[in-house]
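The values are calculated or read from the model by the stated rules, or taken from the named source; none is laboratory data. The model shown is predicted, which means the values in this text are computed figures rather than measured ones. Ideal geometry is used to build each Cβ from the backbone, glycine not excepted, and the neighbour counts take in all protein chains shown.
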Amino acid sequence: MNLTNTLEIQETFPDIADEMLKAQTKDVNLYYKDFHALKNINFAIKANTVTALIGPSGCGKSTFLRLFNRMNDLISGVKITGDVLLEGENIYKKGIVVDELRKSVGMVFQKPNPFPKSIYENVAYGLRVNGYDHKDSIDEIVERSLKQAALWDEVKDKLKKSAYELSGGQQQRLCIARALAIEPSLILMDEPASALDPLSTSKIEELIYDLKNKYTIVIVTHNMQQAGRVSDYTAFFYLGELIEYDKTKTMFINPQNIKTQNYITGRFG
Amino acid sequence: MNRKRLKIFEKVFGAVLFSSSTVTSLTVLFIIVFLFNEGIGLFNSTPVEKKYQFIVSNNNTVKELSSKQLKDIFNYDITNWKQLGGSNDSILLFTINDLSTYFTDDELGANFENLPSKINELIKKNPGILAYLSDKYVPQHLEGHVIPLTKISIKDFVTGTEWYPTSEPAPQFGVLPLILGTLWVSFGAILIALPLGLATAIFMAEVASQRLRNILKPVIELLAGIPSVVYGFFGLVVLVPLIQQLFNLPVGETALAGSIILGIMALPTIITVSEDALRTTPTSLKEASLALGATRWQTITRVTVPYARSGITAASILGIGRAVGETMAVLMVTGNAGVIPHTFLQPVRTIPATIAAELGESSYGGLHFKALFALGILLFLITLIINTSVELIKSRKRS
């Protein structure tokens, strides 16, 4: 981590300075062909916290989230400048093997997207593609991951059944378990509860709260209350810019920027 | 007024649509009925030309003769009635051509007026006789009896191993070699076309850039547009000599040549249908796989292809369907020997090629003609099964 950047972040968020930073972006710009989607973003994510990314549709928050596991690479015509650091290492430098990187960054998507395989095989997938084939330890990891995702009790008797037999909320927790199985150092969640009913949503939120002890989570959400409930830090994006970034409490009670205030209070977005 | 005219127009339009579909359905129905009507006639008919009879001695206990047994008798493979469950008498074959061996012209009379009595005499004298006679030579007061022939059964038709539809006096209508020939060639074709087609489909759906795909796609569609006789010509001139040299064979016209040509012909179907199936794999699943650290190839083999499995199965069955029914190209390169094949390097004869090659030389309404129609029914049933299974696979996928 370079010194000037630490100082910069120290200025903005004094309480982060002494902590280990899980991830950081420095002067990141992203273009879809001619469209300037992310503008000069400097950002830091503290370890073992939940950081919420909020903002109106099209503000770039999902694109920003996908910087950390290079999922934007899949879209043709994307150009990225600046540095994205994960545990101090620039993940966009030459020589980075993208699929190696993605093993250390888990992702949970907007809609539950389990594979058309058994519950067990869904969780084991990440292990198998990474060349892990010791059956006993896979059993163990599957059980542990399902427990961490608060799904074990509901599925322990039907691990061989298709994942499609689960409800939407269970499927999403299965996807979380699937991401946890590869023990990522950072978990990205792209509106993980937006396709779920309120009860399932609250389960997911509880889960996120619990996972914080062990993992670092970045979550994109449209739901202000959700951001308020689950996150320690909140970042507000607007038209590709990072407008405001602060402790969630501070930001919700006393937003510095008028745009943030308007968005949080529901005047636009 | 305007509204009224619109109503009339709609009625006319509806009537046109209705009658078009009626005509179409009726045509299809007519063709099927025609096919079955002609083909079914083969069964329950006797395997011998009309106006000819087989006559045996009155002491002969054999009840009936099948076409196969007749052939064996005429080839001297069966020489004693014992072999057919009769008494221990060696078989004496007699046809009208043998007349001069037994009787002089004087004995028969100037106008063959003694012929019936002489034949009766012969039959009486030889308990082992089997006389093959035209109706007009059969004596009125026959001292022997006409032995009935086994009617052609569906079982004999399907399991018979010999296809000699024009042999005299006992044509053989065993289509097993033709069925096996068809299956061998089709199976070989799919063995060649499926890996190649699937690889191309994966390449086009997952790997190739949009620009490359825009070039590849029309090329593959062009492949589907080449007339089959051109494929056959290509096979005959290029492939057949190549196979002959490569495997050092007496002839290059083999099942392998047919399989390769059919494989190439089935490629467009297999590629297009499997590519469409591969494209139905949701992006979200592919992203989930990639986000877990899977490489692109792992994602293709573990997520994309398994997801498209039923579509790929449908593609290969459709490909087989194309191969089974293909006529011209196969006719040109497989050598058309109606024997049961044991390797891919033997000539084979397929059902459609048989129909195409022989229909012209069969007499209208004759047994051979009916047998070819029965082959047509068989082919129709095979393709019906194939198409139905494709539909089943598709509907299972939907549910």
Exercise for review: List the number of the failed condition for B:Leu381; all other conditions in (1) modelled with pLDDT under 90; (2) closer than 26 Å to B:Val273 by Cβ; (3) surrounded by fewer than 20 Cβ atoms within 10 Å (Cβ to Cβ) hold.
Suggested key: (1)
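Pull up the stretch B:261-310, narrow it to residues that are small (Gly, Ala, Ser) and either over 24 Å from B:Thr388 (Cβ atoms) or surrounded by fewer than 23 Cβ atoms within 10 Å (Cβ to Cβ) (or both), then point me to the one that is farthest from the other protein chains (Cβ to nearest Cβ).
Residues of the stretch B:261-310 that are small (Gly, Ala, Ser), as a first pass: B:263, B:266, B:274, B:277, B:284, B:288-289, B:291, B:293-294, B:308, B:310.
Of the ones still in play, those that are also either over 24 Å from B:Thr388 (Cβ atoms) or surrounded by fewer than 23 Cβ atoms within 10 Å (Cβ to Cβ) (or both) are B:284, B:288-289, B:291, B:293-294, B:310.
On the way: B:Ser284: 4, B:Ala288: 5, B:Ser289: 7, B:Ala291: 4, B:Gly293: 3, B:Ala294: 4, B:Ser310: 11 Å.
In this case the residue turns out to be B:Ser310.
What do you reckon, is B:Ile31 surrounded by 10 or more Cβ atoms within 10 Å (Cβ to Cβ) and free of Cβ contacts under 8 Å to residues at least 60 places away in the same chain?
On the way: surrounded by 10 or more Cβ atoms within 10 Å (Cβ to Cβ): yes; free of Cβ contacts under 8 Å to residues at least 60 places away in the same chain: yes.
So B:Ile31 fits the description; yes.
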Practice item. Considering only residues that are more than 15 Å from A:Asn130 (Cβ to Cβ) and basic (Lys, Arg), look in the stretch B:266-304 and name the one that is farthest from the chain's Cα centre (by Cα). Key: B:Lys286
**Study point:** Near pairs, Cβ below 9 angstrom, 6+ apart or cross-chain, from the stretch B:286-315 (under 19 Å from A:Ile96 (Cα atoms)) to any residue that is hydroxyl-bearing (Ser, Thr, Tyr) and surrounded by fewer than 20 Cβ atoms within 10 Å (Cβ to Cβ)
**Key:** B:Gly293/A:Ser104
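For the stretch A:119-142, which residues satisfy the criterion of being of a type in the set (Ser, Thr, Tyr) and either without any contact (Cβ under 8 Å) to a residue 12 or more places away in the chain or in contact with an Asp or Glu (Cβ under 7 Å, 6 or more places away or on another chain) (or both)? Reasoning before the result, please.
So in the stretch A:119-142, the residues of a type in the set (Ser, Thr, Tyr) come out as A:120, A:125, A:132, A:137.
Listed by number, the residues that qualify are A:Tyr132, A:Ser137.
Of the residues B:Ile340, B:Ile355, which single one is farther than 30 Å from A:Ala181 by Cα and in contact with a Pro (Cβ under 8 Å, 6 or more places away or on another chain)? Steps first, please.
Working: B:Ile355 fails: in contact with a Pro (Cβ under 8 Å, 6 or more places away or on another chain).
Every option except B:Ile340 fails the conditions.
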Practice item. Quick one: in the stretch B:40-52, of everything that is at pLDDT 85 or above and not in a helix (DSSP H, G or I), which residue is farthest from B:Phe369 (Cα to Cα)? Key: B:Phe43
Study note, to complete from the structure: Per the filter on the stretch B:71-107, residues closer than 13 Å to B:Leu130 by Cα, of a type in the set (A, V, I, L, M, F, W, C) and assigned to a loop (DSSP other than H, G, I, E, B) are B:Ile78, B:Ile91
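Return yes or no: is A:Leu239 within 29 Å of A:Glu100 (Cα to Cα) and either buried (at least 17 other Cβ atoms within 10 Å of the Cβ) or not polar (S, T, N, Q) (or both)? Give the steps one after another, and end with the answer.
Details: within 29 Å of A:Glu100 (Cα to Cα): no; either buried (at least 17 other Cβ atoms within 10 Å of the Cβ) or not polar (S, T, N, Q) (or both): yes.
So A:Leu239 fails the test.
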Practice item. Among the residues of the stretch A:123-140, write down those that are facing another protein chain (nearest Cβ under 9 Å) and touching a Phe, Trp or Tyr at 6+ places or on another chain (Cβ under 8 Å). Key: A:Tyr125
Review point. Looking only at the stretch B:151-163, which residues are surrounded by fewer than 16 Cβ atoms within 10 Å (Cβ to Cβ) and of a type outside the set (Gly, Ala, Ser)?
Key: B:Lys151, B:Ile154, B:Lys155, B:Val158, B:Thr159, B:Thr161
Exercise for review: May I ask you to list the residues in the stretch A:175-203 that are farther than 21 Å from A:Leu86 by Cβ and crowded, with 24+ Cβ neighbours inside 10 Å?
Suggested key: A:Cys175, A:Ala177, A:Ala193
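Each row is one residue, and each column tells you yes or no for (1) touching a Cys at 6+ places or on another chain (Cβ under 9 Å); (2) assigned to a strand (DSSP E or B); (3) surrounded by fewer than 19 Cβ atoms within 10 Å (Cβ to Cβ); (4) β-branched (Val, Ile, Thr).
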| position | (1), (2), (3), (4) |
| --- | --- |
| B:Lys124 | no, no, yes, no |
| B:Pro139 | no, no, yes, no |
| B:Thr182 | no, no, no, yes |
| B:Ala193 | no, no, no, no |
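Can you say whether B:Gly235 is touching a strand residue (DSSP E or B) at 6+ places or on another chain (Cβ under 8 Å) and away from every other protein chain (no Cβ under 14 Å), as far as the supplied structure shows? Walk me through how you get there before you give the answer.
Values: touching a strand residue (DSSP E or B) at 6+ places or on another chain (Cβ under 8 Å): no; away from every other protein chain (no Cβ under 14 Å): yes.
Taking the combined requirement at face value, the residue does not satisfy it.
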Practice item. Kindly list the number of the only condition in (1) under 36 Å from the mean Cα position of the chain (by Cα); (2) crowded, with 19+ Cβ neighbours inside 10 Å; (3) part of a loop (DSSP other than H, G, I, E, B) that fails for B:Leu130. Key: (3)
Revision key, fill the gap. Checked A:Arg178, A:Arg229 against criteria (at pLDDT 90 or above and in contact with a Gly (Cβ under 8 Å, 6 or more places away or on another chain)); the one match is A:Arg178
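Listed residues A:Leu242, A:Leu207, A:Leu196; which is touching a Lys or Arg at 6+ places or on another chain (Cβ under 9 Å), in a loop (DSSP other than H, G, I, E, B) and of a type outside the set (Val, Ile, Thr)? Even if it seems obvious, please write down each step before you answer.
Working: A:Leu242 fails: in a loop (DSSP other than H, G, I, E, B); A:Leu207 fails: in a loop (DSSP other than H, G, I, E, B).
On inspection, the qualifying residue turns out to be A:Leu196.
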Practice item. Assess whether A:Ser145 counts as being of a type in the set (S, T, N, Q), without any contact (Cβ under 8 Å) to a residue 60 or more places away in the chain and at negative phi. Key: yes
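Taking the stretch A:168-227 as the region of interest, how many residues are more than 14 Å from every other protein chain (Cβ to nearest Cβ), small (Gly, Ala, Ser) and free of Cβ contacts under 8 Å to residues at least 60 places away in the same chain? I'd like the intermediate steps shown before the answer.
In the first step, residues of the stretch A:168-227 are kept if they are more than 14 Å from every other protein chain (Cβ to nearest Cβ); the result is A:169-170, A:173, A:193, A:196-217, A:219-227.
Filter again for small (Gly, Ala, Ser), leaving A:169, A:193, A:200, A:202, A:227.
Going one step further and asking which of them are free of Cβ contacts under 8 Å to residues at least 60 places away in the same chain, we end up with A:169, A:193, A:200, A:202.
Looking only at that region, the number is 4.
Could you pull out every one of the helices (runs of 4 or more DSSP H) wholly within the stretch B:292-399 that has 1 or more residues that are of a type in the set (Lys, Arg)? Give the steps one after another, and end with the answer.
Details: elements: B:296-299, B:309-325, B:328-333, B:351-358, B:367-398.
Result: B:296-299, B:309-325, B:367-398.
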Check your understanding: Which one of B:Leu142, B:Leu84, B:Leu122, B:Leu108 is touching a strand residue (DSSP E or B) at 6+ places or on another chain (Cβ under 8 Å) and free of Cβ contacts under 8 Å to residues at least 24 places away in the same chain?
Key -> B:Leu84
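In the stretch B:341-352, how many are over 13 Å from the mean Cα position of the chain (by Cα) and among the β-branched types (Val, Ile, Thr)? Please lay out each step first, then the result.
Step one: filter the stretch B:341-352 for residues over 13 Å from the mean Cα position of the chain (by Cα), giving B:341-347.
Now restrict to residues that are among the β-branched types (Val, Ile, Thr): B:343.
The number of residues fulfilling the criteria is 1.
Does any residue of the stretch B:244-259 turn out to be surrounded by fewer than 21 Cβ atoms within 10 Å (Cβ to Cβ), away from chain A (no Cβ under 14 Å), among the acidic types (Asp, Glu) and at negative phi? It would help to see each step written out before you state the result.
Going through the stretch B:244-259, the residues surrounded by fewer than 21 Cβ atoms within 10 Å (Cβ to Cβ) turn out to be B:244-251.
Add one more test, that the residue is away from chain A (no Cβ under 14 Å), and what stays is B:244-251.
Still in the running and among the acidic types (Asp, Glu): none.
The answer is no, given that none of the residues of the stretch B:244-259 is surrounded by fewer than 21 Cβ atoms within 10 Å (Cβ to Cβ), away from chain A (no Cβ under 14 Å), among the acidic types (Asp, Glu) and at negative phi.
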